[in-house]
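Notes follow the structure.
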Amino acid sequence: MGTTLRALRALVLLAGLHLLGLLLLVLLAGTGYLLHLLVPATLAATLCLVLLLLAIPVVRGLSMLRLSEDDAVGLPVGEADEPRLWATVREVADDLSTRAPTKIVLTAETAATVTERTRLLGLVGGPLRLHLGAPLLQGLNEGQLRALVAHELGRHATDSRLAALDARCQDRVARTLTLAGRRPAGDGGDEHGHVHGDTDDGHLHVFATGRPSGPAGGRGPGITHRAAARVRAAWARRCLRATLAAAHRRAYAADDAAVRVAGRDAAASALRELHALDSAYAYYLHCYALIGIPARTLPPRGRLFGDFGSLLTARQLELVPLRLRPPADPGSAHDPHPPLADRVRRIEALPGDGRADDGTGPAADLLTDPARTYAALEDAVLAPETLSCGRAAGWQELLDAAMTARLTVSGTPLHRATAMYTRTPASLHAVLGVVDDGQLWKLALRMPLSDQAVRAEGRAFREFVRPALRRDLRTMTLAELSARGALTWHFSWAEAASVRLPAAPDGCEHDLDTALDAAVADRPDTAPLRALLAAEPAA
């Protein structure tokens with residue numbers, strides 16, 4: 001299909017998004033008029049009110065199609081603030097003979113994106129904005145960052161005026177799916193797969209963007225909004241399928257632009273690094289930066305985003321497999337980028353250009369004052385309620401506060417089962433008393449059980465429930481020791497946090513695993529666990 005035909009198709013698809021909403025409004029208005037003519041006035045007024053409620057999500061959907069200057073939450077940095085970063089971006093734009101962005105915004109994402117403020121369904125272009133993830137500055141070197149910026153600017157540099165319309169259709173439709181709650185992975189040109197991986201912390205979106213993750217401050221959309229969103233999403237998916245081949249060609253052309261600017265090795269290694277950084281950043285937020293949220297405690301100012309590099313340095317060996325095996329599958333059926341593995345393979349198959357990816361420093365060196373920038377980024381992207389949290393003096397203090405808060409709020413299934421079985425307030429000593437009375441397995445019957453466990457008897461039943469009993473008993477034991485100040489926690493960037501128990505009479509540390517195994521054995525013995533609980537707290 002020629003450029004003109006693709007542009008005409010894109011124009012029809014873009015117009016269809018708007019016309020679809022207008023058609024729905026006309027149908028609702030026509031239905032209201034017919035009701036006014038055919039039914040009694042009182043009933044007609046009631047039904048027209050219902051139609052008005054149905055029209056609200058349609059109007060809201062039409063307003064969503066208009067791109068906002070505030071789409072990306074981040075820290076705008078001027079040329080006076082970050083001269084070296086701006087100079088690098090301008091050099092890349094000059095190498096590509098394309099426009100440089102008019103604004104650079106640092107974000108809290110592992111993504112780089114160039115957006116364009118367009119008008120008249122994308123027919124009229126506008127200024128470019130570069131959204132650059134601050135975590136990338138700590139994980140990439142200067143050559144890799146140049147390749148990444150070249151790819152994003154190259155997506156615009158390779159488009160003619162008509163071909164750009166097809167590109168804007170892709171971006172606008174991807175936004176429609178995003179706002180309809182049906183976002184395809186990797187949409188909108190973001191150079192990443194999944195922004196935050198599989199973290200399930202409910203505070204993550206607010207923490208990283210300063211905005212609630214759902215409509216109306218986190219409340220789920222109503223049935224009318226979901227119905228309107230499904231209509232928009234159905235048309236949007238049709239648009240994406242129609243423009244997908246062109247989007248893949250644009251991605252390959254942008255990769256070629258990155259190779260011309262930064263070299264083959266830097267372009268390929270940047271793509272490999274992105275996959276590793278995405279997973280590492282999700283882990284960092286969930287297990288380090290966010291760990292103090294239950295205790296309403298944040299890391300020291302400026303280090304919430306600024307210490308991501310410490311984790312990368314300590315976990316280099318763990319990141320190697322991620323770099324070596326980029327995803328071979330697309331993020332979704334509508335991902336505008338081809339599979340990452342295909343893109344890397346295609347770049348590495350190019351002839352060598354003599355530009356090795358080993359002569360540049362870390363991209364963070366482009367920042368004039370990294371500590372100041374990362375502190376300002378926290379103010380720009382964190383929600384006000386998050387910024388109101390206290391600050392720990394260091395990561396060890398943050399870990400201590402987080403684990404104390406986490407163990408203070410104990411509501412395990414074993415707690416609830418013990419309260420039902422003994423008809424007294426649940427406590428660890430109440431559980432141990434039940435075990436000493438030989439009633440552990442009767443107590444287990446009060447816990448949530450799988451269908452297999454319910455049907456099992458004897459030893460088979462014990463094997464089914466033993467892991468859950470042991471897990472909850474461990475939580476209750478740690479909570480008891482924490483309440484007495486008998487626990488210490490060891491912080492490390494290189495490994496997960498570990499707990500230090502009080503010393504035994506012989507000076508060695510108690511073995512919690514052995515004590516738990518004895519307590520939930522076929523013939524339970526609580527003596528090792530009671531000895532641990534009787535130990536004196538560490539000085």
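Every number in this text was worked out from the coordinates using simple rules, so none of it is lab data. Just so it is clear, the model here is predicted, and its values are computed rather than measured. For neighbour counting, all protein chains shown are included, and Cβ atoms are generated from backbone atoms with ideal geometry for every residue, glycine included.
Numbers for the structure displayed
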read-out	value
Mean Cβ neighbour count within 10 Å, used as a protection proxy, ranking 368-374, 414-420, 109-115 highest first	109-115, 414-420, 368-374
For peptides 343-356, 138-151, 473-486, 517-530, sequence by mean Cβ density within 10 Å, most packed first	138-151, 473-486, 517-530, 343-356
Other-chain or far-sequence residues with amide H under 5 Å of residue 141's (modelled H)	363
Inter-label distance for residue 99 and residue 350, nm, one decimal - labels placed 7 Å from Cα along Cα-to-Cβ	2.5 nm
For residue 82, residues with placed amide H under 5 Å, excluding near neighbours	none
Vicinal HN-Hα couplings computed from phi for the stretch 306-318 (Karplus, 6.51 cos²θ - 1.76 cosθ + 1.60; Hz; Gly/Pro x)	x, 9, 4, x, 5, 5, 4, 5, 6, 10, 4, 5, 5
Point-to-point label distance, residue 324-residue 508, nm (Cα→Cβ direction, 7 Å offset)	3.8 nm
In Hz, Karplus ³J(HN,Hα) per residue of the stretch 479-485 (6.51, -1.76, 1.60; θ = phi - 60°; x = Gly, Pro)	5, 5, 5, 5, 5, 8, x
Using θ = phi - 60° and Karplus 6.51 cos²θ - 1.76 cosθ + 1.60, couplings along the stretch 105-113 (whole Hz; Gly, Pro as x)	10, 7, 10, 9, 10, 8, 8, 10, 9
Residues whose placed amide H lies under 5 Å from that of residue 128, excluding near-sequence neighbours	102
